[in-house]
Amino acid sequence: MKRVDPIDAGRRLRNYLKVMTLEAQTIARACGHNHLHNLEPEDLCALTMEAAAMAQVPLAGTNWYPGKGGF
């Protein structure tokens with residue numbers, strides 16, 4: 001507790017949350033939506049085979065994910 005300045009920590013947390021919100025808004029716009037609330041589960045995709053397998057979401061550009069069967 002002696003090493004943490006609560007004012008500075010609060011500023012850092014605010015900045016982190018603000019940037020994460022901006023990133024999420026950018027992702028929503030990239031998916032063709034004008035608001036975060038408009039994102040749908042179908043907007044999720046994985047860029048690597050490993051990510052698709054772990055998250056059980058389709059590989060980008062396909063409807064397939066490892067473990068689903070067929071390509």
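The values are calculated or read from the model by the stated rules, or taken from the named source; none is laboratory data. The structure presented is a predicted model; accordingly, all values stated were derived computationally and were not measured. Backbone-built Cβ (ideal geometry, glycine too); neighbour counts: all protein chains shown. Accessible surface is based on the protein model in full, side chains and every heavy atom, while ligands, DNA and RNA are left aside. Shrake-Rupley method; radii C 1.70, N 1.55, O 1.52, S 1.80 Å.
So here's what we get for this one:
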quantity: Which of 10, 22, 44, positive extreme of dipole for the chain (C-beta unit charges); calculated: 10
quantity: Distant alpha-carbon pairs in the chain (separation over 18 angstrom), percent; calculated: 58
quantity: Share of carbon and sulfur in the accessible heavy-atom surface of the chain [1.4 Å probe, %]; calculated: 60
quantity: Total charge dipole magnitude, the chain, about the Cα centre, Cβ charges on Lys, Arg, Asp, Glu only, Debye to nearest 20; calculated: 460
quantity: Where the chain is the region considered: accessible area per residue in Å², 1.4 Å probe; calculated: 87
